[in-house]
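One structure is given below, encoded as structure tokens.
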Amino acid sequence: MKEKIGITACSDPMKPEFQSNMDRLCAILSDVGYEPVISNCIYPKIYPEAYGLHGTGAERAAELMQLYTDPAITSIFDISGGDMSNELLPYLDFEVIRNSGKKFYGYSDLTTILNAIYTKTGKEAVLYQIRNLLYRHSEVQRRDFINTLQKNGNDLYDLDYHFIQGTAMEGVMIGGNIRCFLKLAGTEYMPDLHNKILLLEALNTSVPQLITFLSQLKQLHAFDQVNGILLGTFTRMEKEQVQPDAVTLVREFAGPELPIAKTAYIGHGSDSKGAVIGRYYCI
């Protein structure tokens, strides 16, 4: 009997034309020994002709909780991204999530749910997009996925990095997409920043936007509290080779004493690996 895993979309809905890729993803998962269980909140149901909504926050949260309460499902993967995942937070049963023993995987906008899970339960959640199994680096992704989830390896989480300043950092990892992480500021879902490693990455962020986000982090006294910063990819800025670049700006805001490291393997690239929010890292 194949192991069941849940597939859902807590953020923006997938476009209907994604269905062919969904079929491919399900076939890949079946080939490696899984039976995907697909939630009812994947594609638009409200105003579908305008790629509208796939349910209210309460409805999407209920779909997610149904995956958590199904005893046959062992892990849950979110395939979405966008803007709306924080709408679910008030409707999630974090006691059920804490006791389920299931890991939640998602990236980008799912940063909100990943960090909320750690804040409210103390449990780990993984910044990772299972759709990477479909794309350019699918062979390596599939190998790492199998070795990690089925063979108790760590391939999916092994990160190559280099230090920008400092030589070491350690602490529980929090963060993810910088724009989405900051949605949690001032809420009960924001992780405590003290002695953490703060992971930051971005997709379409421009220089003015990154300055805005870093200013907010500084005003939250983040750089005075965390033990270090791990930078993932800043896709748009790196593609356009803008100046000042993301590393320069982060160094300016964080100051010269805070350790900062950089990896090319966390972010929105199809070669991205997983970062475990809530796990203690020694880098």
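Derivation of every value follows stated rules applied to the coordinates shown; laboratory data play no part. Please read these numbers as outputs of a predicted model, since none were measured by experiment. Here the Cβ positions follow ideal geometry from the backbone for every residue, glycine too, while neighbour counts run over all protein chains shown.
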Arranged by the count of other C-beta atoms within 10 angstrom, fewest first, what order do His194, His54, His137, His268 take?
-> His194, His137, His268, His54
Kindly provide the pair-distance distribution of region 225-283 built from C-alpha pairs, with 5 Å bins from 0 and whole-percent values in order of increasing distance.
-> 4, 15, 25, 24, 20, 11, 2
By the gyration tensor of its Cα atoms, with a ≥ b ≥ c the square roots of the eigenvalues, what is the shape of region 81-143: rounded for a/c under 1.5, prolate for a/b over b/c, or oblate?
-> oblate
Sparse-neighbourhood loop sites, GluC sites (Glu not before Pro) in region 204-269 - DSSP loop, at most 16 other Cβ within 10 angstrom = Glu257
How about Lys45: which lysines have a C-alpha closer than 20 Å to its C-alpha, ignoring those fewer than 8 places off in the same chain?
-> Lys15
Evaluate the relative contact order of region 76-117 (contact order divided by residue number), counting alpha-carbon pairs under 8 angstrom at least 6 apart; express in whole percent.
-> 60
Which net charge results for the neighbourhood of Lys103, defined as the other residues with beta-carbon distances under 10 angstrom from its beta-carbon, given Lys and Arg at +1 and Asp and Glu at -1?
-> +1
Determine the dipole magnitude for region 3-156: charges of +1 sit on the beta-carbon of Lys and Arg, -1 on that of Asp and Glu, nothing else is charged, the reference point is the Cα centre, and the result goes in debye to the nearest 20.
-> 340
Beyond 26 Å (Cα-Cα) in this structure, taken from Lys218/Lys262; Lys123/Lys183; Lys2/Lys183, we find Lys2/Lys183
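Please identify the trypsin sites (Lys or Arg not before Pro) of region 55-144 that satisfy two criteria: DSSP loop assignment and at most 14 other Cβ atoms within 10 Å. Which are they?
Qualifying residues, ordered by number: Arg136.
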Of all GluC sites (Glu not before Pro) in region 160-219, the ones in DSSP coil with at most 14 other Cβ atoms within 10 Å are Glu188
Prolate/oblate/rounded call for region 157-282, Cα gyration tensor, a/c under 1.5 rounded = rounded
